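Notes to accompany the following structure.
The values are calculated or read from the model by the stated rules, or taken from the named source; none is laboratory data. Just so you know, these numbers come straight off a predicted model, no measurement behind them. All Cβ positions, even for glycine, are placed from backbone atoms using ideal geometry, and neighbour counts span all protein chains on display.
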Amino acid sequence: MNRTEKRNIHYSSFPEDEVKLVKTMMDKMGTTLEFFYYLMNNKRESATMMILLSADDVNLEHLLPKWKRNTDVLFELDKERNVYVIICQSTDSEGVKQFAEILIANIRLHSAHDIYCVVSESKTASSSAQEVIFKMVEKYIKIKDAGKANRVFFTDLKNAEEPDVIYNGSPRLYKTH
């Protein structure tokens, strides 16, 4: 017997493929993030910055390796949906935001549209790798659902109560609504 279940979709409901993105990130990046946290705690290394990025109508697989630094770590999360993460070492929040903006500008030069970008910063290992990934994916899902493409969204993990910030190419930061 085939029964149709009626369910209300709540604001906390996420599409299956987006939820699976969390597992993919944990599987592919979890150990690497833990290593960077170890360095922050024990070797006094600087903050770890991450850029979660996707774009339509362009092959990021060929472009991103050309634009990243040798010390940046690139992860392909979903080849079919063109979703990638770059972990940036030895940079500050302004530097990674500017790099993300440069990435968006370069990707747009290749006729891409609907570029979604979330930047996350971990200055200390007080948040777990899991929390960092959850926060990034949650923000990524929200901006995709809202159609807020071609901008850099910055998520600050040090204060969970603080709203996320949009970095739009100007020297000022704008609070999201």
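A few points about this structure:
- In segment 111-161, residue modelled with the lowest pLDDT [restricted to those that are surrounded by fewer than 14 Cβ atoms within 10 Å (Cβ to Cβ) and assigned to a helix (DSSP H, G or I)]: E131
- Count of residues meeting criterion [within 18 Å of Q98 (Cβ to Cβ), of a type in the set (K, R) and part of a loop (DSSP other than H, G, I, E, B)] in segment 34-74: 2
- Residues being among the charged types (D, E, K, R) and buried (at least 19 other Cβ atoms within 10 Å of the Cβ) - total across segment 15-73: 1
- Residues of segment 75-86 satisfying the condition of being buried (at least 18 other Cβ atoms within 10 Å of the Cβ) and part of a strand (DSSP E or B): L77, V83, Y84, V85, I86
- Segment 77-94, residues that are in contact (Cβ under 8 Å) with a residue 40 or more places away in the chain and of a type outside the set (A, V, I, L, M, F, W, C): D78, R81, Q89, S90, T91, D92, S93
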